[in-house]
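A short worksheet on the structure shown next.
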Amino acid sequence: MANIFENKDRRVIPNWRSFKKTAVLGELDNNIGRVNKQPIRSLISIDEYIEDWSHNKTIPHAGDLLSSAIVNGIANNEHVLEAAQFILGNSASSTLPQISLAKRFVTSNDKLLTDKLENITISEFASLVDPKLIWNKIKEIKAAIIGFPYNPIFYVELARNYSIVGQEKKALRAMHIALNLSPDNRFILRCGSRLFAHYDEIGIAHDILRKTSLAGIDPWITSAEISLATLRGRSSRFLKKGFEMLNSNNFSSSNITELASAIGTVELIDGSLKKSKQFFKKSLLAPNDNSLAQIEWASSKEPSLRIDINEFHVKHNFEAQALENFHSNHLTECIDNTFRWFLDMPFSKRPVMLGAHIANSFLNDQETSRGFLKAGLISHPNDPQIINNLVYSLALENKIEEAMKFMNLLTDNPTGAADITKICLKATRGLLCFRSGVPDMGRSLYLEAIEKAKDIKNQYYNWLAILNYAREEILVKSNEIETIMETVARIPDNTSAGDVNKLKKEVVELHAKSKVALS
Amino acid sequence: MKDNAAHNLLGLTLKSGWKVVEKITKTANSTGSFFSVCYKVEKDGELCFLKAFDFNRFLGLSKMEDPTRSVVDIISEMTSAYKYERDLSNHCKNQHVTKIAFVREASEEHVEGFTYSFVPYLIFDLADGDVRMQLAFSDQLDFAWKLGSLHDIAVGLRQLHQIEVSHQDIKPSNILLFNRKSKLGDIGRSLCKTLNSPYSDYTFTGDANYAPPEIMYAYYENDWHKRVFATDCYLLGSMVVFYFSGISMSALLMKNLEPNFRPESWQGDFAQIKPYLADAFSKALSEFGQCIENEFFRSELTQTIEYLCFPFPEKRGHPIDISQRGNGYSLERFVSKFDLLFRRAELNIMK
């Protein structure tokens, strides 16, 4: 029995992307308290260099002109373009930095880094999900660190890539180094808090934020601090500062979107729906992917918060789109957006669980489901939930040997696994027994899972276990079949869970077919 | 240019006896100053370089910057600039500085028929050109010469630092060649602790296109020595970068920096930008490394640039000096390093 994707409590924990992508998305822009101020540095004339170039058409003069142009952010000057073309036309006499700089001026950068993911679909799964790519990246970063060990960004990137391939200790070690090198930087603190939260080190994730000098000053840090404080079961001491920041008019809307969203979540949890709505409204003035995903989650708890996320043109908005597709039953779009969400944050388990669930329970696409799960195992090796779902998918297609191989990665009673996961594992072991020709043991395991789900008063898993068990009894043409079908009949046809309804329909049809075959 | 005395010296024999034989349009022979008109002058069979101060241009640019300034103030400023360059040159000459292009003669000419007929001028030895005329990026033979030239520049800078002068404007157009030997040109924007300078209140007096990151982001040390010598260290490192990569250190940095973090966009403080600058700097260093094939020289030069151009001034300079003296702006070790590398490169050529 599969452990389904649960849209559990969500907080505005920072999303963690590569440094370059985070910068491009504008999360690191700095206009704290300076919303209307002029830039520090005005641009400088490059006329002197143009004049030199016009009298001396040589590679060094061209390089000198391009240097002054890039320093001043000048791109469309005809003399600069001429110098760039000159370098490209004499590449044998030019250096690699000159050539790559010249290319910047003559080629249009029409394909932005952030646009790459937008058009990817699930059909590209096999070519894009390959741990070798990550290990190569790790190798590159480690080589770069040898050359320049004081760059904290390298360690953050290393930690991210290690987390993607499930190297928890190495990831945490790299992040500690980054935090020691630069303890008060927004990017590093946000990534650090995300990593520690990812590995359930909520205390550390919260402490690094609440102890930094930026807490209560930087809205991006304050929002994460408030969110982690609530996850830790505490009330943030920066809430008041957060309110002040939101009301100060010192920050652009894009800089406070996560803060407004985080405070809106706190108000929602505290039951102040009216205040919550006000803050979420503020977060939507210039939302980012995280604040939009947050309101999408919040609307699943409080329908009056529902919005049309398509009204907002937000880059990398895959999580919110996937959740919206899921709730509105647009499953094909959902699987594509879930895949993009996964590629955007490959260390995260939520897109893995959602993608596998949709493919398995709704699209009957076991191969895609297993693709997500195997990809999830890269970052979460030996995760009982993922292994359970993978074994379930394999067993359904009678790939028993492979299923056993994965099941053997787990102990009988894996430590740290949630009760529901343990129930699912029991049922899945039952399924394996049925499919391996040991129905008595399978029956016993299923009945145990059904009872346990009933004990913890989880009707959904109780129904799922019953339906899965019934299917197996039908397939082995058991004598118990009519008794179990009576129980199946007591499950309503239109529950709120689409996968239960679908599975019940399949079981009833299978039973009908088997009766026809017997007669 | 009709009503501009500085532009109309050609053919004249000056009071000092020099005959103006050729007007130099902005070429490799220029000393880089933007407020001057340059000529070749000849006396007793010797050709020299004349830099005539262009009052009209100075006035025009000054008025453009601040239309309310009085002409008297502007004349005074230009006169100060002229006097300062002349006096600083003499100061350096008297203090045994050898690696800069000295003022040989300073005088003024009255040219009839112009609104501003007074033309102050300085005469220098005529250089063969600036370093951009010599640099080639694909020629292995040039490698040793480049290191020799960098050694000359480092020696010149060290000499200036020893008499409390900071050049502030080291860039390719200010490295002048005399028989393949390099000297620092255009000390007009230099800062001197012991001479009254018209620029003494400036944080940075050189070409802003070559300015170090702390200047770009308006963060700087209040301590004069630390600030100006840290700037010179960066500019020396930037020359190393230019000699081998053909672009400046600031260009390499900006090339590897995301647009949101560029000085004209960034509105946070210098502390917050530091990790991003460090990231861009490390990428710039690795890009620089691609320009040098020989592993030994690549490693040595990359390390030298790392020391000289570190984007945070307090970490700039040789690490031993930083730990022992509190700052690393002494150029002694770099002079030795360039000398060593130059000799080694020469040996490599001879092998």
Relative contact order (%) - criterion: Cα under 8 Å, at least six apart; region: chain B: 15 percent
More than 23 angstrom apart: percent of Cα pairs within the stretch A:57-186: 58 percent
Relative contact order, percent, the stretch B:5-125 [alpha-carbon distance under 8 Å, six or more residues apart]: 25 percent
At 1.306 mPa s and 10 °C, Stokes D of the stretch A:346-518 from Kirkwood alpha-carbon radius, µm² per second: 97 µm²/s
Sites B:GLU77 and A:ALA143, calculated FRET efficiency, Cβ-Cβ separation with R0 41 Å, nearest 0.05: 0.20
Radius of gyration and Dmax over the Cα atoms of chain A, both given in Å: 27.6, 99
Label-point separation in nm, A:ASN398 to A:ARG104, each point 7 Å along Cα→Cβ: 6.2 nm
Per residue, in Å², the accessible surface of chain A once ligands and nucleic acids are set aside, probe 1.4 Å: 44 Å²
Volume per residue that the Cα convex hull of the stretch B:130-350 spans, once the total is divided by residue count, Å³: 121 Å³
Chain A: relative contact order in percent, alpha carbon pairs under 8 Å with at least 6 residues between: 13 percent
Accessible area buried at the A-B interface, both sides summed, 1.4 Å probe (Å², nearest 100): 4800 Å²
Selected from B:SER200, B:SER238, B:SER299 as most flexible by GNM, with chain B as the system and alpha-carbon contacts under 10 Å: B:SER299
At least 30 Å² of accessible area lost relative to the chain alone, listed for the stretch A:51-78 with a 1.4 Å probe: A:GLU51, A:ASP52, A:HIS55, A:ASN56, A:PRO60, A:HIS61, A:ASP64, A:SER67, A:ILE70, A:VAL71
Theoretical FRET efficiency, 1/(1+(r/R0)^6), r = Cβ-Cβ of A:LEU363 and A:GLU201, R0 30 Å, to 0.05: 0.25
Using distinct alpha-carbon pairs, which all enter the 1/r mean, Kirkwood radius of the protein assembly as shown in Å: 31.6 Å
Estimated 222 nm signal from helices in the protein assembly as shown, with DSSP H stretches of n ≥ 4 weighted -39500 (n - 2.57), rounded to 500: -17500 deg cm²/dmol
Rg and Dmax of the stretch B:136-180, Cα atoms only, in Å: 12.3, 38
Dimensions (Å) - the stretch A:47-106, Cα atoms, principal axes, largest first: 28, 23, 15
0 to 90° range, to nearest 10: angle between helix B:270-289 axis and chain B longest Cα axis: 90 degrees
Largest-first principal axis extents, alpha carbons of the stretch B:5-125, Å: 45, 35, 26
In Å, descending, principal axis extents of the Cα set of the stretch A:453-492: 30, 15, 14
Degrees between helix B:55-65 axis and first principal axis of chain B (Cα, 0 to 90, nearest 10): 50 degrees
Per-selection Kirkwood Rh - the stretch B:162-243 (Cα, Å, 1 d.p.): 13.2 Å
Against the rule of thumb 2.2 N^0.38 Å, how large the Cα Rg of the stretch A:413-471 comes out: 1.04
Acute angle (nearest 10 degrees) that the helix A:439-455 long axis makes with the longest principal axis of chain A, alpha-carbon atoms: 70 degrees
Rough spin-label spacing in nm, given labels placed 7 Å along Cα→Cβ, for B:ILE163 and A:ILE456: 8.4 nm
Per-pair calculated FRET efficiency, R0 = 35 Å: A:LYS505 and A:SER478 via Cβ, rounded to 0.05: 0.95
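The values are calculated or read from the model by the stated rules, or taken from the named source; none is laboratory data. Since we're looking at a predicted model, the values are computed, not measured. Positions of Cβ are generated from backbone atoms using ideal geometry, with glycine treated the same way; all protein chains shown enter the neighbour counts. With ligands, DNA and RNA removed, areas are computed over all heavy atoms of the protein, side chains included. Shrake-Rupley method; radii C 1.70, N 1.55, O 1.52, S 1.80 Å.
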